[in-house]
Amino acid sequence: MNELYIEKTYRFMDNVKMNKKPVKLICILLLTIVSLHGCIQDNTTSDDQHDTEDANKLTDEDWAYFVFHYTSGEDLHTLYSSAGDIISNELYLSDSANYTYLIELNMMNQQTLNELKNISEIMTINISRYQQTLLNFTLSEKMKNHSDLQTILFNKYQTLSDAIFSIYTTINSSTAPTNTTATVIDISKDMVPMLPVSESITDILDSQVDIITLGISDEEWDAWTKDRDWSFMD
């Protein structure tokens, strides 16, 4: 648009025969219009930039999401760790020679087996609730990618919950132990998804940390977190 105004100015100067003073005044007028038009464009750009800055500004709702991200992740991690402790410390038989995962089921640890089922069911219920809660957040641009990863994180934990329930089902469907003998069960197939999924969760958490540490300046972080309640980390 500026080029059009300038072209009209030069065309006017070339084709119109007038004395110098009116021509000068008219040229000044046209160039003033060009300048004003440029100012209007600059103001519009400035407004757009201001809107973009507002969209990128961290908000109170971002903080509510940040707390939710931590507490929900901590809950699911604790449940998964509890299941891992049961499998590793109370049921697991080492078979490093054959690289298989064996479970010993006896008359004393059948109640422990039921705990695996309970953990899986609680994880699934909580994951469903967390997924719904996540949908209700309206976040700034700086937190959207973070929340997208949180969705993936919940799906990974659901895979772990399914694996825990699969282990329970495999053990529960095996021959029941007697007072004098124990039942040894191979759960290698059920354990297959657990290690790579656990590693994937670690990668997701690292990426979420990078989004915050690399995408938010120290000054912005300090301003956003000032006077916040950090008791959720206790």
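The values are calculated or read from the model by the stated rules, or taken from the named source; none is laboratory data. None of the values given here were measured: they were computed from a predicted structure. Ideal geometry is used to build each Cβ from the backbone, glycine not excepted, and the neighbour counts take in all protein chains shown.
Points worth noting:
Listed here are the residues, each with its yes/no results for (1) assigned to a helix (DSSP H, G or I); (2) touching a residue at least 40 places away in the same chain (Cβ under 8 Å).
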{"residue": "128", "(1), (2)": "yes, no"}
{"residue": "139", "(1), (2)": "no, yes"}
{"residue": "157", "(1), (2)": "yes, yes"}
{"residue": "161", "(1), (2)": "yes, yes"}
{"residue": "185", "(1), (2)": "no, yes"}
{"residue": "204", "(1), (2)": "yes, yes"}
{"residue": "221", "(1), (2)": "yes, no"}
{"residue": "224", "(1), (2)": "yes, yes"}
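- Within the stretch 112-133, the set of residues being crowded, with 19+ Cβ neighbours inside 10 Å and either of a type in the set (Ser, Thr, Tyr) or over 23 Å from residue 193 (Cα atoms) (or both) comprises 120, 130.
- Of all residues in the stretch 72-111, those that are assigned to a helix (DSSP H, G or I), at pLDDT 80 or above and either among the acidic types (Asp, Glu) or surrounded by 13 or more Cβ atoms within 10 Å (Cβ to Cβ) (or both) total 14.
- Residues in the stretch 187-196 include none that are assigned to a loop (DSSP other than H, G, I, E, B), of a type in the set (Gly, Ala, Ser), in contact (Cβ under 8 Å) with a residue 40 or more places away in the chain and under 25 Å from residue 91 (Cα atoms).
- If only residues of the stretch 177-192 that are in contact with a Leu (Cβ under 8 Å, 6 or more places away or on another chain) and more than 14 Å from residue 87 (Cβ to Cβ) are counted, the one that is modelled with the lowest pLDDT is 177.
- Given (1) touching a residue at least 24 places away in the same chain (Cβ under 8 Å); (2) under 26 Å from residue 56 (Cα atoms), index of the condition residue 172 fails: (2)
- If the condition is being out of contact with any strand residue (DSSP E or B) (no Cβ under 6 Å at 6 or more places or on another chain) and among the small types (Gly, Ala, Ser), then the stretch 129-177 contributes 140, 147, 161, 163, 166, 173, 176.
- Condition met for residue 143 (touching a helix residue (DSSP H, G or I) at 6+ places or on another chain (Cβ under 6 Å) and surrounded by 12 or more Cβ atoms within 10 Å (Cβ to Cβ)): yes
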